[in-house]
Amino acid sequence: MPNILALFDFDGTISKKDSFIEFIKYYKGFHSFCFGFILLSPILLLYKIRLIKNWRAKKIVFSWFFKNESYKVFKSKCKCFSLTIIPQLIKPIALETIKKHIENGDKVIIISASFEDYLADWCKSMNLELLGTKIDFNKGFITGKIDGKNCYGDEKVIRLNQFLDLSLFNEIYAYGDSKSDLPLLEIANHRFYKFFR
């Protein structure tokens, strides 16, 4: 087992744009995206001024766009998005750093508040492990809820500790770009904040 662990946040750290926003545009089309965000603007404003929390705003937006969608159709579109759009969103310097870690034999994990469904196939193509937010579905349809907690802030460290034993690693590298990544950076020997500009 590799004794070096490399942890990467996704949105804003290795991606140029917010992947959730890009996924909604891809899935629903630009006009439906704009219409939805106009209707949801009061919620987004409350989130912006910190009157509602990240996970709640995210759940409301996700539910509005995707509740009652066929999970089979959703997964199919996620795969296409992951393999065709995600590669275009990656910062070249971030990709270079990821590849260096892989070449060194390090264990590399993407740990993100983004939904696993639309990151999974890109991660698989890169031989990266993934911890992200999970979608709840029932009887083949999306419920509009998140399965478990949003993989954000302290939850990233909780999920990581559930996934593996950090004491097995001699060195831990962590890359993030926002205050929500600080708990993840705290556990690392080598911390890189807003490193990929």
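Values quoted throughout were computed directly from the atomic coordinates according to the rules given, and no laboratory measurement underlies them. What you see is a predicted model; the values in this text were computed from it and never measured. Note: ideal-geometry Cβ built from the backbone for every residue, glycine included; neighbour counts use all protein chains shown.
Quick look at the numbers
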item	result
Inter-centroid distance (Cα atoms) of segment 120-196 relative to segment 52-68, Å	19
Highest-fluctuation residue, 53, 67, 149 considered, GNM on the chain with Cα pairs under 10 Å	53
Principal axis box of the chain, alpha-carbon based, largest edge first, Å	48, 35, 34
Links that overshoot a 27 Å alpha carbon limit, given the list 77/194; 79/145; 72/145; 75/179; 59/99; 124/194	77/194; 75/179; 59/99
Linear extension gain, residue 129 paired with residue 75, 0.36 nm per residue minus alpha-carbon span	17.6 nm
FRET E, pair residue 96, residue 37, Förster distance 35 Å, beta-carbon r, rounded to 0.05	0.55
Beta bridges by DSSP in the chain, antiparallel share as percent, to the nearest 5	25
